[in-house]
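Contents: one structure, followed by commentary.
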Amino acid sequence: MMNKIGGLIELEALLENILKKKSDGSFLKHKILYFAYLYENLSIGMIVEKLGIKKTNFALITRELQKEGLVTIGQSTIDKRCHVLNLTVEGMKSLYKYVSSIGEIVGNIDDSVQDATKVLNGYFNKIV
């Protein structure tokens, strides 16, 4: 059990270091942009929960992203009581640029890594 959990902790630390190398201090901002892209109609509360950050931190960063023209906040089309985060064209460009820069670091990812990523992603999404 300890080896499995230890491996996950080490993996998380390695990934965070790789992703922070190219973030220029905007790692969390790009993480929020990615979640806005990935979960188009997910409520802000659910995104905050998936990110595992405090609502106040999310609000501060989101306000900054709005000022930069990278996101907008709107009403959910599914549930009018909920607010959703929408990526703007500029937000999508910023996210694409960030993802491309990470791609330069990690190079070509073979199929086994992509398969492992899908499995881990599915597993952890069930937990969260």
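Please treat every number below as a calculation from the coordinates, not as lab data. It should be emphasised that the depicted structure is a prediction, and the values quoted were computed from it without experimental measurement. With ideal geometry, Cβ positions are generated from the backbone for all residues, glycine too; neighbour counts draw on all protein chains shown.
Only Cα pairs within less than 10 Å get springs; with that Gaussian network setup on the chain, which residue of GLU49, GLU12, GLU40 has the largest fluctuation?
For the chain, modelled as a Gaussian network with Cα springs under 10 Å, the answer is GLU12.
Please tell me the relative contact order of segment 2-108 in percent, rounded to the nearest whole number, where contacts are Cα pairs under 8 Å and at least six residues apart.
It comes to 29 percent, rounded to a whole number.
Report the charge-dipole magnitude of the chain in Debye, nearest 20, computed about the Cα centre from +1 at each Lys and Arg Cβ and -1 at each Asp and Glu Cβ.
500
For segment 2-108, what class follows from the C-alpha gyration tensor (a ≥ b ≥ c being the square roots of its eigenvalues): rounded when a/c is under 1.5, otherwise prolate if a/b is larger than b/c, else oblate? Mind dumping the intermediate values first?
Working: a/c = 2.15, a/b = 1.42, b/c = 1.51.
Taking the square roots of the gyration eigenvalues as a ≥ b ≥ c, segment 2-108 is oblate.
In segment 39-128, which trypsin sites (Lys or Arg not before Pro) fall in coil by DSSP and have 11 or fewer other Cβ atoms within 10 Å?
Numbers: sites: LYS50, LYS54, LYS55, ARG63, LYS67, LYS80, ARG81, LYS93, LYS97, LYS118, LYS126; in loops: LYS54, LYS80, ARG81.
Within segment 39-128, the qualifying trypsin sites (Lys or Arg not before Pro) (loop, at most 11 other Cβ atoms within 10 Å) are LYS54, LYS80, ARG81.
Starting with the fewest neighbours, write out HIS83, HIS30 ranked by other beta-carbon atoms found within 10 Å of each beta-carbon.
On the way: HIS83 14, HIS30 23.
In order of increasing Cβ crowding within 10 Å: HIS83, HIS30.
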